[in-house]
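J.: Would you mind keeping the following structure in view while I ask a few things?
The values are calculated or read from the model by the stated rules, or taken from the named source; none is laboratory data. None of the values given here were measured: they were computed from a predicted structure. Cβ sites come from the backbone with ideal geometry, for glycine too, and all protein chains shown count toward neighbours. Accessible surface is based on the protein model in full, side chains and every heavy atom, while ligands, DNA and RNA are left aside. Shrake-Rupley method; radii C 1.70, N 1.55, O 1.52, S 1.80 Å.
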Amino acid sequence: MAEHYLMGWFALDLVTALPWQIGQFLTHPNSWTAYAMQWFKLSRVLRMLKVVMNMDGYTRNGPILLTFTITYFFFLGHLIACGWFILGRIQYENGVAGWITYHLQMNNYQITADVIYEDELQRDFYSAALYFIMTIFTTVGFGNISPWNVQEQIFCVVTMLVSAFSYAIIFGSATSIIMRMGAHQSRFLDQQHDLELYAAVNKFPLALRNRMEDYFYITGIILKG
């Protein structure tokens, strides 16, 4: 078993278990080492590969598959929102007016060179970025946050293309899953009615009828019929 683990998931578990946040804490927050530590922390996402390898077992359960679908939608939005924030941050550091500059002006923040690094504003920047990406994903587009330059426009075009396909695939899959769950429930109720009618017509003893119903519920509910 140990040899099988060493040849399999050991390397991935080792990389994802290392305390990268300690190295980030010991380095200067604006250095390239700190940025590298942030990217190394993202290696923990690779643990999702274990879930993907066992996806066949999860997809047999409608509610679990629906939960995975919704989680994937939010996770994709999170990744693109992080990219949108990083783009705005790089432009702000280089003195290029972008969505972060507009966001600071609209919220009456003092525009300084170091305001982008203030800890209390990180959550505000992330929530604004995630809000903007979700308005693109859901085709709402309020317009209170928008691209200001060519780089941000290109980023938004790519995001729109990705979100168009993702929106169609994810919500199409969600609709299919919900319809399938309804079909399973309807078939289960029809089979239950047929079993009760068959037992009543043939006048089965009560003990035998209870055993048949127990078996039916086990195969129908636990094994998903």
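J.: Provide a single number: the residues in the stretch 185-206 that are exposed (fewer than 14 other Cβ atoms within 10 Å of the Cβ), among the hydrophobic types (A, V, I, L, M, F, W, C) and within 19 Å of Thr219 (Cβ to Cβ).
T.: Applying the first criterion (exposed (fewer than 14 other Cβ atoms within 10 Å of the Cβ)) to the stretch 185-206 yields 185-187, 189-190, 193-194, 197-198, 200-203, 205-206.
Cutting the leftovers down to among the hydrophobic types (A, V, I, L, M, F, W, C) gives us 189, 197, 200-201, 206.
Keeping just the survivors that are within 19 Å of Thr219 (Cβ to Cβ) gives 189, 197.
The total comes to 2.
J.: Further question on the same structure: Return the residues of the stretch 98-114 that are in contact with a Ser or Thr (Cβ under 9 Å, 6 or more places away or on another chain) and modelled with pLDDT of 85 or more; say none if nothing qualifies.
T.: Trp99, Tyr102
J.: What's the total number of residues in the stretch 87-97 that are open to solvent by less than 10 Å² (accessible area, probe 1.4 Å) and at pLDDT below 85?
T.: Within the stretch 87-97, residues that are open to solvent by less than 10 Å² (accessible area, probe 1.4 Å) and at pLDDT below 85 number 0.
J.: Same structure, new question: Consider Gln110 carefully, then state whether it is open to solvent by 60 Å² or more (accessible area, probe 1.4 Å) and either part of a helix (DSSP H, G or I) or in contact (Cβ under 8 Å) with a residue 12 or more places away in the chain (or both).
T.: Details: open to solvent by 60 Å² or more (accessible area, probe 1.4 Å): yes; either part of a helix (DSSP H, G or I) or in contact (Cβ under 8 Å) with a residue 12 or more places away in the chain (or both): no.
The answer is no for Gln110.
J.: Is it the case that the stretch 146-154 has a residue that's of a type in the set (Ser, Thr, Tyr), within 16 Å of Phe75 (Cα to Cα) and open to solvent by less than 80 Å² (accessible area, probe 1.4 Å)?
T.: From the stretch 146-154, those of a type in the set (Ser, Thr, Tyr) are 146; that's our starting set.
Now narrow it down to the ones that are within 16 Å of Phe75 (Cα to Cα): none.
No - not one qualifying residue is present in the stretch 146-154.
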